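Scroll down for the structure; my scribbles are underneath it.
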Amino acid sequence: MGFEEYYQAFRAYTDIYSKEYQKRIEELEPYLLKFMEKKGKVLDLACGVGGFSFLLEEYGFDIIGVDISEKMIEKARTYGNEKNSKVEFLIGNAMNLPFEDNIFDYVIFLGNTTTHFLPRELNRVFKEVRRVLKKEGLFLINFIDMRELLSRIQMGTVIGEKYWINKVVIDKEEKTALIEYRSDEITFRVRFVIWGSTTIDLLARMYFTPIETIKLDELSYLNIYKKK
């Protein structure tokens, strides 16, 4: 199994009405509104099922959501129809965005999506984000420090409602970690790219000027950058 199955296993990523998903929104909402003071055009990059797109639409932003997963986009569109939303959801690759230069006031990249990308790939993502942002546009990225998380993981840690961590295998170069999740019914594995907070920030600074770093808890961050 890969990320597609991983996200389907946890309501925090697929059910926008669940308490788990709402907790994610409540954690980030005040900070998004603080830094996104002026209404404008927003790219919700790796939007998943669209919960944050709908949130920002309610506050008057013009939103386009992009995700590489066809299943996620289909579900986002279903939610959009239920809400009579005008958000446009597109299937697309973050490393090769289907947009012209300098058209977005904001790009949001939420939900620890950095773990999908190897260094050269995340570099391409950041380069694309910079390309599509307007001059003085803001890039807001939310992530977990995976290096710190892996140092704290214990076998048997419960994840979600019915899964626990059964095994963690880190490669010799310490670039990726294979985590095995188990429930009473199934077992699946997901390979995560190991990103620390410092490394993400250093890479982002190649393309953006840092505005603020917000430590949401012991492991997760929201970094705000401005296009250089």
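The values are calculated or read from the model by the stated rules, or taken from the named source; none is laboratory data. Since we're looking at a predicted model, the values are computed, not measured. Note: ideal-geometry Cβ built from the backbone for every residue, glycine included; neighbour counts use all protein chains shown.
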Residues that are basic (Lys, Arg) and either in contact with a helix residue (DSSP H, G or I) (Cβ under 8 Å, 6 or more places away or on another chain) or surrounded by 20 or more Cβ atoms within 10 Å (Cβ to Cβ) (or both), drawn from region 73-117 = 75, 83, 86
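Picking from 172, 134, 127, which residue would you name as being assigned to a strand (DSSP E or B), basic (Lys, Arg) and either loosely packed, with under 12 Cβ neighbours inside 10 Å or at pLDDT 95 or above (or both)?
Matching residue, one of 172, 134, 127: 134.
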Only one residue in 108, 63, 73 is part of a helix (DSSP H, G or I), in contact with an Asp or Glu (Cβ under 8 Å, 6 or more places away or on another chain) and not hydroxyl-bearing (Ser, Thr, Tyr). Which one?
-> 73
Look through 137, 80 and report the one residue that is over 20 Å from residue 51 (Cβ atoms) and among the small types (Gly, Ala, Ser).
-> 137
Filtering region 1-36 for residues that are over 15 Å from the mean Cα position of the chain (by Cα), among the basic types (Lys, Arg) and surrounded by 18 or more Cβ atoms within 10 Å (Cβ to Cβ) leaves a count of 0
For residues in region 157-196 being within 23 Å of residue 142 (Cβ to Cβ) and among the polar types (S, T, N, Q), which is nearest to the chain's Cα centre (by Cα)?
-> 176
Lone unmet requirement of (1) assigned to a strand (DSSP E or B); (2) aliphatic (A, V, I, L, M); (3) more than 30 Å from residue 209 (Cβ to Cβ) for residue 155 | (1)
Looking at (1) at pLDDT 95 or above; (2) exposed (fewer than 14 other Cβ atoms within 10 Å of the Cβ), which is the only condition residue 186 fails?
-> (1)
